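Student: I have a structure I would like to understand better, so I am pasting it below and will then ask my questions one at a time.
The values are calculated or read from the model by the stated rules, or taken from the named source; none is laboratory data. Just so you know, these numbers come straight off a predicted model, no measurement behind them. Note: ideal-geometry Cβ built from the backbone for every residue, glycine included; neighbour counts use all protein chains shown.
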Amino acid sequence: MADSLHFYTAGESHGPRLLAIIEGLPAGVPVATAFIDQQLRRRQSGYGRGARMDIEHDQAAVVSGVRHGYSLGTPLGLVIENRDWPNWEQEMSPQPPPEDFVSQRRVTTPRPGHADLAGAAKFGHRDMRNVLERASARETAARVAVGAVCQQLLAQFDMSIRSCVVNIGGIQASAPAQPDEDFFATVEASEVRCGDPQAAAGMREVIDKARRDGDSLGGIFRVYGFAVPPGLGTMATWQQRLDSRLAAAVMSIPAIKSVEIGLGRQVANCPGSQVHDPIEFDGERSAWPFVRPTNNAGGVEGGMSNGEDIVLSAAMKPIPTLTQSLPSVSLQNLQPTPAHAERSDVCAVPAAAVVAEGMVAFVLAQAFLEKFGGDSLDDVRAAYQAYGTRLRRLWTVEED
């Protein structure tokens, strides 16, 4: 897997900019910065977001690896400027501060639920600003930009990634088993990215209450991968199982506490006859004629995509920064002290769903290139077409 598609990000929440480098993208992939910026705007939207969204207007600058709208097959560099940087330039400067400098933004009282205290223990920082700046979900803007590049690769093979919110603060929404474009149009028009208008109204109400109470809310979102071919991932090694990679990628998003694929934990309550998806043959479908009347597996069996849509859900905990701070302990005097309060959101579940789209797109693009990879998009397309030819032999009945 060392030579597969991968990416790195760098940057602090209040530093000058975020950086991302994608390596392993073949040459010839269309890369439109307008699409990347559209995804970044979707991440910044959502009912319950904080004041930071009024400052930042994220746009990605492609600084390497693309020429005249197409990838070069070399490392692709992305930069997202932090507009709030001028307000933090001295506080976050990489240069040694003046002798008379006194930080006004030291963090010495950790927030329950955040990385503050664990990071202080790990790195030996007494000022937990050194922890929270990187642990902040601001970093996910770079991931969305990476995911947008991956989505443009997947689109060349008719794959797409979508998401919706199905729960905020205990308000449960309905979602169809097979959502269509009308459903997702409703989702995109919703301030909470919910396709159930009645539930969406309830979600806004509980967010308003949480804001009044100085509290925060979490929830559950669902991500779909459409038109994913069978055979991505493998059962051969635990590291390359597609379901474990999807779960790890989404779980890596700050505040995500659980990930479920298909029925998820509901499988523990049902007999196998109600869990496993029957296999049917539809000879009128030329590409992949093995179909399922249900998709309880969420498109993954034995660590591999099975030709059905990828469906996963994730639970996000409430944001750990509360204006009505929880009890904590000051590292300066070890006395009980209200937790540090940092500018934050009341609810970021709709934004987290967009981040998860990007991470799912990356995992699917990575697995896709592991199976069909080449130095150019033409090489990938030729391998993909050859795979389709080979698959058709599975349902070619040889006559004596």
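Student: Just give me the residues in the stretch 196-242 being in a loop (DSSP other than H, G, I, E, B), more than 19 Å from the chain's Cα centre (by Cα) and of a type outside the set (A, V, I, L, M), in sequence order.
Tutor: Within the stretch 196-242, D196, D213, G214, D215, S216, P229, P230, G231, T234, T237 meet the criteria.
Student: Okay, next question. Out of (1) under 30 Å from P230 (Cβ atoms); (2) without any contact (Cβ under 8 Å) to a residue 24 or more places away in the chain, what's the single condition that is false for V354?
Tutor: (2)
Student: Further question: What tally of residues in the stretch 243-253 results from selecting those that are assigned to a loop (DSSP other than H, G, I, E, B) and either of a type in the set (S, T, Y) or at pLDDT below 95 (or both)?
Tutor: Looking only at that region, the number is 1.
Student: Also, I was wondering about something else. Yes or no: the stretch 69-87 includes at least one residue that is within 30 Å of N333 (Cα to Cα), of a type outside the set (A, V, I, L, M), more than 24 Å from the chain's Cα centre (by Cα) and modelled with pLDDT under 95.
Tutor: yes
Student: Also, quick follow-up: Please go through the stretch 113-137 and pick out each residue that is surrounded by fewer than 18 Cβ atoms within 10 Å (Cβ to Cβ) and among the charged types (D, E, K, R).
Tutor: K122, R126, D127, R134 - these are the residues of the stretch 113-137 that are surrounded by fewer than 18 Cβ atoms within 10 Å (Cβ to Cβ) and among the charged types (D, E, K, R).
Student: Right, another one. Could you run through the stretch 154-195 and say how many residues are under 20 Å from N295 (Cα atoms), charged (D, E, K, R) and not in a loop (DSSP other than H, G, I, E, B)?
Tutor: Summing the residues that are under 20 Å from N295 (Cα atoms), charged (D, E, K, R) and not in a loop (DSSP other than H, G, I, E, B) in the stretch 154-195 gives 2.
Student: Looking at the structure I just gave you, is S305 in contact with a strand residue (DSSP E or B) (Cβ under 7 Å, 6 or more places away or on another chain), more than 23 Å from L246 (Cα to Cα) and surrounded by 15 or more Cβ atoms within 10 Å (Cβ to Cβ)?
Tutor: No.
Student: In the stretch 329-386, what residues are touching a strand residue (DSSP E or B) at 6+ places or on another chain (Cβ under 9 Å), assigned to a loop (DSSP other than H, G, I, E, B) and among the charged types (D, E, K, R)?
Tutor: Within the stretch 329-386, just D375 meets the criteria.
Student: Looking only at the stretch 220-243, decide whether some residue is surrounded by fewer than 20 Cβ atoms within 10 Å (Cβ to Cβ) and of a type in the set (F, W, Y).
Tutor: Yes.
Student: Right, another one. Going residue by residue through the stretch 257-266, is there one that turns out to be surrounded by fewer than 18 Cβ atoms within 10 Å (Cβ to Cβ), over 25 Å from I220 (Cα atoms) and not charged (D, E, K, R)?
Tutor: No, there is no match, as no residue in the stretch 257-266 is surrounded by fewer than 18 Cβ atoms within 10 Å (Cβ to Cβ), over 25 Å from I220 (Cα atoms) and not charged (D, E, K, R).
Student: Against the definition (assigned to a strand (DSSP E or B) and of a type in the set (D, E)), how does E260 come out, yes or no?
Tutor: Yes.
Student: Now for a different question. Take I310 and decide whether it is buried (at least 22 other Cβ atoms within 10 Å of the Cβ), touching a residue at least 60 places away in the same chain (Cβ under 8 Å) and either touching a strand residue (DSSP E or B) at 6+ places or on another chain (Cβ under 6 Å) or on the phi > 0 side of the Ramachandran plot (or both).
Tutor: yes
Student: With the condition kept exactly as written, say whether any residue in the stretch 145-167 is farther than 24 Å from F368 by Cβ and charged (D, E, K, R).
Tutor: no
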